[in-house]
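The values are calculated or read from the model by the stated rules, or taken from the named source; none is laboratory data. Model, not experiment: these values are computed from the prediction. Backbone-built Cβ (ideal geometry, glycine too); neighbour counts: all protein chains shown.
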Amino acid sequence: MRAYPLTWRLLDVLEAGVAKVFPRRLAGATPYLMLAPAVLLVGLLVLGLFQIADGSLRTLDTTTFLMSESYSLDNFRRALTEPLFRNVALKSFTGSLIVTAITLMLALPYAYVMVRTKSAALRKILLIALFLPFFIGQVVRAYGWLIILGNQGLVNETLSFLGIGPFRLIYNYPAVLFGLIQYMLPFAVLMLAPALTAIPEETEAAAESLGANWIQTFIHVVLPMARPGFVGAGLVVMTLSLTDFAIPAILGGGSQDFIANAIYDQFFRTSDQGLGATLALLLVAAGSTLVALVFALVGTGTLGMGRAKQ
Amino acid sequence: MKDLKNPILEMTRRRFLSATASIGSVAALSAAGMSTVGLQGALAAEPEKPKEIIVRAWGGSWVDSLKAGVSDSFTKLTGIAVRHDLTEDNEIQPKVWAAVAQKRVPPIHVNWDTTTNATKSALRGVTEDLSDLSNLATVTDLAKPVGLDGYPIVNTYGYVYVLAYRPSAFPDGPPTSWKALLDPKFKGRIALYNDGIGFHFPAQVAGGGKVEDIPGNMQPAWDFITKVKDQRPLLGEDPDFTNWFQNGEIDLACTISTNAREAKKNGVDIKWVVPEEGAKFETDGLWIPKGLPENELYWAKQYINHALTRDAQQVWLDGLGLPGVVPGLTPPADLVGDPSYPTTPEDFKHLIRVSNKIQVENESAWFGKFKAIMQS
Amino acid sequence: MTAAKTGLDRLAVEKPVGSTAVSVRNVNMVFGDYRAVDDASFDLEEGKFLTILGPSGSGKTTLLRMIAGFQAPTSGEIAINGIPVGQVPPNKRSIGMVFQKLALFPHMTAAQNVAFPLKMRRFDARTIPSRVAKYLELVKLGGFANRRIHELSGGQQQRVAIARALVFEPDLLLLDEPLAALDRKLREEMQLEFRRIQRELGVSTINVTHDQREALVVSDEIIVMDKGRIQQNAKPSATYRQPSNSFVAGFIGVTNFLSGLVTDVTDSDVAFVAGTQPLFGRWVSTNVRLKAGQTVKGAVRAEQIRVAATPDRLDDLQTTVAGTVMDVIFEGERVVYEVRLPSLQDATIRVFDHDPSQHAEFEAGARVFVGWNARDVLIFAE
């Protein structure tokens, strides 16, 4: 007994204590116990959703600015029929699809070089370039673009030296998409990188030795094997851009609203919490449907559950 | 985001004008001893002072003016510090509503708000009655919220949504009509508020309609706004206009004169007019949310009372460049005779005013319609 | 494709017997100041199975990757079928390779994996299915064509990898330790399978391994490498029986080294003393002169030593030494004794008894005698 280190005896005491509080036969419950905080959080979220659902069924009375006591589907009728919401929804969905496609196209070579390069310095530079914008934040970055792309900004100043311009580079739809792509790129790269890392270099070498040039290797081996990464990155980029608020608000010049901006307007500009709740609910539903569709069609990718297949 | 600016005065233009005229005649009499009324009188039985009171305000030159004119002198008089909460007006509103609904102490003591926004809160019943403020005896009719019982809000000044322009873009003289917005050479170089506030009514006139038809038939307004939409306007909020003028993004905008004046103070050559179709006149006010402890309510009321003194109004509104609700104020030198600083009945002739009841009930629909046009 | 790419029966289109499939000349690979491959030269005869054997870090894999084209030698020349391949990228070389981790394509079926090189090398699309089927049959996976890779066992995956590397009938097959990760039984089975397929197709093959047993079983030729240098290039039996230096002697089989001082040298025999024990051995490298007083190592394999309770049972052997059993390891088909020899400065040697049922099984601590023939002691200069 004396030969045991003190820490061992300490641990023995602790273990005995734990055994009293949490008997061995309950050990099967441990994983569930650890799940509890997550379940609690999700539960709160669901509770909030119920409240939003309740709100969505009440209309605003503009003589008292209170929500109606009775339920009606009027908000849903308005959300689904009024051209404003149709336009905004169309703009958001089209935008998020374009942003997703372009972001993935740009993220792939970036992630590939970052993962495969033999140069530690290059990898470091790529990583820093990737993470730096994270510390800057969305709003500040968007304002940065206003400064750079504005009528008297860096780009137009440079163009004016060449005798052309100025061009209106901000406050339009392409500017919003550009801002979103720039904001989403790091997310996509970070989601793609593990999927690319999981492809053994040996597999690419094998394809080469079997007669494939690098383009063929990329198309027939790297892309299909990176698919889980594409699915994961695509879903993250799509849902984040679909629900984005700041970039359309700042770079859109007020005329390029996404769904989140329309929701904000209802809650904070017209005080119509019912319609705001309805729009929020419809956005959640549309987003979930989109995600479910992708899951059903191409699997869960790196967001997936269960053990990864080889 | 100070964009909900609607007058509360539910009166015809004529009635308003006669009211201001009569106030003007008594102004000289009461001007002398007015600044100390109220605060001094209350000293006798004043309740316990809180360390500080929280006043919600708009940022930039707005809060600077309030601090210089009202808050600093209030602190000097009472020893109570004033903290300015710069949460946007439209974001503080649901917080206050939630606090009152849950019988919590609200997050602010005094809300500096647009009259329309404040009216919503008053209709909802979350505002304290301010009828017992002593300085209400000496203010103009502009201060009284019409169509509401008592004083759930006190209006503190008025302002005009002018057509602001860059003189260098108008070598042949200033614009005279809102139709200047349709000039092809300004395509992409014009700006409006992002919900169209301040623009709906002049657009109704410019589109060939009548102010009397609001809200029944506003088609002329929507037709005109649709034409403006093809000019690809920038849509923003108060600070955006100042920035856009300064950064050379726009030449022409419908905005509160204060924002244009701010750009001018920063060295940009900006002027403004009230075009021939007229321009919208609005008020802002102060109110107190329900649910404050008794003593804090008392001192919050004293703050508003102090804001109605001539000295406080003079400094505060010099900063904003807006006409106040106390008789005998001296206009800032650069605004004497300016159409955005209406003082005479002649000035008010050119301004469009619509009943606040109509505005509060319809503005959601108007905003929606405006957005639908702009987002298509 | 060329006429050579027509059928399974490669031996029918036989190249001239004895022509050189691969020729490696003075190849060096230097990373910074580390010399991974140091002046390697060898030829591989058409149709032969060559194994490059060495411990990890010996440079064997680097040498293989240079032949495959994944790395360019710092200097020297590699030729395949007489044509230098210095500038030829891997996908333009006619080389099938089986990788250490197989590198199968997990998103394809077995058949799609095997068809991949045919598609990449633009084989006539009409012939691809029959060719794939033929090669899957060759590796005994006829019924598994449509299985996904993760649905196959380890051994089956090995077979897919082999079929994929051979289906386009490459001039050369490279094996980069593909069996290293398998359990012993499967490994031994696959070794024989490699040998069978290689013989059947007659494809020139270079195999890399650190498993000496595998090298002995499958190869026509063995190159032993250490520290980037080729130590020996010989047939398996010669590598075993006539190791060219003490590294090879020690790397292959279980070898006891007895250090001592030379007392007498003839043309092929050496007398030397280890501790107080006079010993005799065979001198193999005749190109170096040994002198009396020089330090040498005598190498004697564990299976060439016999152990007995009394010296008279060993009197057919030239050298008999008394010792003490330190440890007894029972391995089934044989028993391994570790015996300490006091007269050899307490050197401990290992002895195999391959037929323990015929002899007494000694226990640890038993006093025994060990003996061997002088011709089984190979002398290497230190």
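Out of A:Pro224, A:Pro228, A:Pro186, A:Pro194, report the one residue that is without any contact (Cβ under 8 Å) to a residue 40 or more places away in the chain and either in contact with a Lys or Arg (Cβ under 7 Å, 6 or more places away or on another chain) or under 28 Å from A:Gly95 (Cα atoms) (or both).
A:Pro224
Quick check: anything in the range B:198-206 modelled with pLDDT under 95 and within 12 Å of chain A (Cβ to nearest Cβ)?
no
May I ask you to verify whether B:Ile190 is of a type outside the set (Ser, Thr, Tyr) and either closer than 26 Å to B:Thr283 by Cα or touching a Gly at 6+ places or on another chain (Cβ under 7 Å) (or both)?
Considered against the rule, which asks whether it is of a type outside the set (Ser, Thr, Tyr) and either closer than 26 Å to B:Thr283 by Cα or touching a Gly at 6+ places or on another chain (Cβ under 7 Å) (or both), B:Ile190 comes out as yes.
From the list B:Val360, B:Val354, exactly one residue is in a loop (DSSP other than H, G, I, E, B), modelled with pLDDT under 90 and out of contact with any His (no Cβ under 6 Å at 6 or more places or on another chain). Which is it?
B:Val354
Quick one: what pairs do we get from the range C:298-310, first residue on the phi < 0 side of the Ramachandran plot, second among the aromatic types (Phe, Trp, Tyr), C-beta under 6 Å, 6+ apart or different chains?
Pairs found: C:Ala299/C:Phe257; C:Val300/C:Trp372; C:Ala302/C:Phe352; C:Glu303/C:Phe352; C:Gln304/C:Trp372; C:Ile305/C:Trp372; C:Val307/C:Tyr337; C:Ala308/C:Phe369.
So the check is Cβ under 6 Å with 6+ separation or different chains; which pairs have a first residue in the range C:153-172 that's at positive phi and a second one that's surrounded by fewer than 24 Cβ atoms within 10 Å (Cβ to Cβ)?
C:Glu169/C:Lys5
Pick from C:Ala103, C:Ala133, C:Ala115: which is facing another protein chain (nearest Cβ under 8 Å), small (Gly, Ala, Ser), out of contact with any strand residue (DSSP E or B) (no Cβ under 7 Å at 6 or more places or on another chain) and within 22 Å of C:Phe194 (Cα to Cα)?
It is C:Ala103.
Being out of contact with any helix residue (DSSP H, G or I) (no Cβ under 8 Å at 6 or more places or on another chain), of a type in the set (Gly, Ala, Ser) and under 30 Å from B:Asn111 (Cα atoms) narrows it down to one residue among B:Gly150, B:Gly188; which is it?
It is B:Gly150.
Could you count how many residues in the range B:199-210 are assigned to a helix (DSSP H, G or I) and of a type in the set (Phe, Trp, Tyr)?
Matching residues across the range B:199-210 total 1.
Take A:Val176 and tell me if it is touching a residue at least 24 places away in the same chain (Cβ under 8 Å), of a type outside the set (S, T, N, Q), within 13 Å of another protein chain (Cβ to nearest Cβ) and surrounded by 24 or more Cβ atoms within 10 Å (Cβ to Cβ).
Judged against the criteria, A:Val176 is a match.
Could you list all residues from the range A:116-160 that are surrounded by 15 or more Cβ atoms within 10 Å (Cβ to Cβ), basic (Lys, Arg) and outside any helix (DSSP H, G or I)?
none
Looking only at the range C:232-261, count how many residues are more than 12 Å from the chain's Cα centre (by Cα) and in contact (Cβ under 8 Å) with a residue 12 or more places away in the chain.
Of the residues in that region, 16 qualify.
Which ranges mark the strands (runs of 3 or more DSSP E) fully within the range C:197-276 that have 1 or more residues being among the polar types (S, T, N, Q)?
Passing ranges, in order: C:204-209, C:229-234, C:255-265.
Here is a check on your reading of the model: is A:Val99 within 30 Å of B:Ile373 (Cα to Cα), more than 12 Å from every other protein chain (Cβ to nearest Cβ) and surrounded by fewer than 18 Cβ atoms within 10 Å (Cβ to Cβ)?
So A:Val99 does not fit the description; no.
Which residue pairs have Cβ atoms closer than 9 Å, lie 6 or more positions apart in sequence or on different chains, and pair a first residue in the range C:181-200 that is within 13 Å of C:Gln158 (Cα to Cα) and among the acidic types (Asp, Glu) with a second residue that is at pLDDT 90 or above and outside any helix (DSSP H, G or I)?
Qualifying pairs under 9 Å: C:Glu193/C:Val139; C:Glu193/C:Lys140.
Just the residues that are in a helix (DSSP H, G or I), at pLDDT below 90 and of a type in the set (Phe, Trp, Tyr), please, taken from the range A:5-56.
A:Trp8, A:Tyr32
Looking only at residues in the range B:202-256 that are of a type in the set (Gly, Ala, Ser) and surrounded by fewer than 24 Cβ atoms within 10 Å (Cβ to Cβ), which one is nearest to B:Ala57 (Cα to Cα)?
In this case the residue turns out to be B:Gly248.
Every residue in the range C:290-345 that is in a loop (DSSP other than H, G, I, E, B) and of a type in the set (Gly, Ala, Ser), please.
Listed by number, the residues that qualify are C:Ala292, C:Gly293, C:Ala309, C:Gly332.
Is it the case, given these coordinates, that B:Pro323 is over 23 Å from B:Asp132 (Cα atoms) and either of a type in the set (Lys, Arg) or surrounded by fewer than 22 Cβ atoms within 10 Å (Cβ to Cβ) (or both)?
Taking the combined requirement at face value, the residue does not satisfy it.
What is the number of the single condition among (1) modelled with pLDDT under 90; (2) within 23 Å of C:Asp353 (Cα to Cα) that C:Asn287 does not meet?
That leaves (2) as the condition not met.
Output the residues belonging to the range A:52-73 that are within 13 Å of another protein chain (Cβ to nearest Cβ) and in contact (Cβ under 8 Å) with a residue 12 or more places away in the chain.
A:Gly55, A:Thr59, A:Leu60, A:Phe65, A:Met67
Can you name the helices (runs of 4 or more DSSP H) wholly within the range B:26-99 that have at least 3 residues being under 18 Å from the mean Cα position of the chain (by Cα) and either at pLDDT below 95 or more than 16 Å from B:Val110 (Cα to Cα) (or both)?
Hits in the range B:26-99: B:61-66.
Residue check, B:Gly196 against (1) crowded, with 23+ Cβ neighbours inside 10 Å; (2) not in a loop (DSSP other than H, G, I, E, B), all met but one. Which one?
Single failed check for B:Gly196: (2).
Among the candidates A:Val222, A:Val113, single out the residue that is buried (at least 17 other Cβ atoms within 10 Å of the Cβ) and either within 14 Å of chain C (Cβ to nearest Cβ) or out of contact with any Pro (no Cβ under 9 Å at 6 or more places or on another chain) (or both).
Only one candidate passes the filter, namely A:Val222.
Taking B:Ser131 as the residue in question, decide whether it is buried (at least 23 other Cβ atoms within 10 Å of the Cβ) and either touching a Phe, Trp or Tyr at 6+ places or on another chain (Cβ under 7 Å) or not in a loop (DSSP other than H, G, I, E, B) (or both).
So B:Ser131 does not fit the description; no.
Checking B:Arg104 against (1) away from chain A (no Cβ under 14 Å); (2) within 27 Å of the chain's Cα centre (by Cα); (3) basic (Lys, Arg), which test does it fail?
(2)
Restricting to the range B:269-285, name every residue that is closer than 25 Å to B:Ala143 by Cβ and aliphatic (A, V, I, L, M).
Matches in the range B:269-285: B:Val274, B:Ala279.
Could you please find all residues in the range B:84-100 being in contact (Cβ under 8 Å) with a residue 60 or more places away in the chain and more than 10 Å from every other protein chain (Cβ to nearest Cβ)?
Residues satisfying the conditions are B:Val96, B:Ala99, B:Val100.
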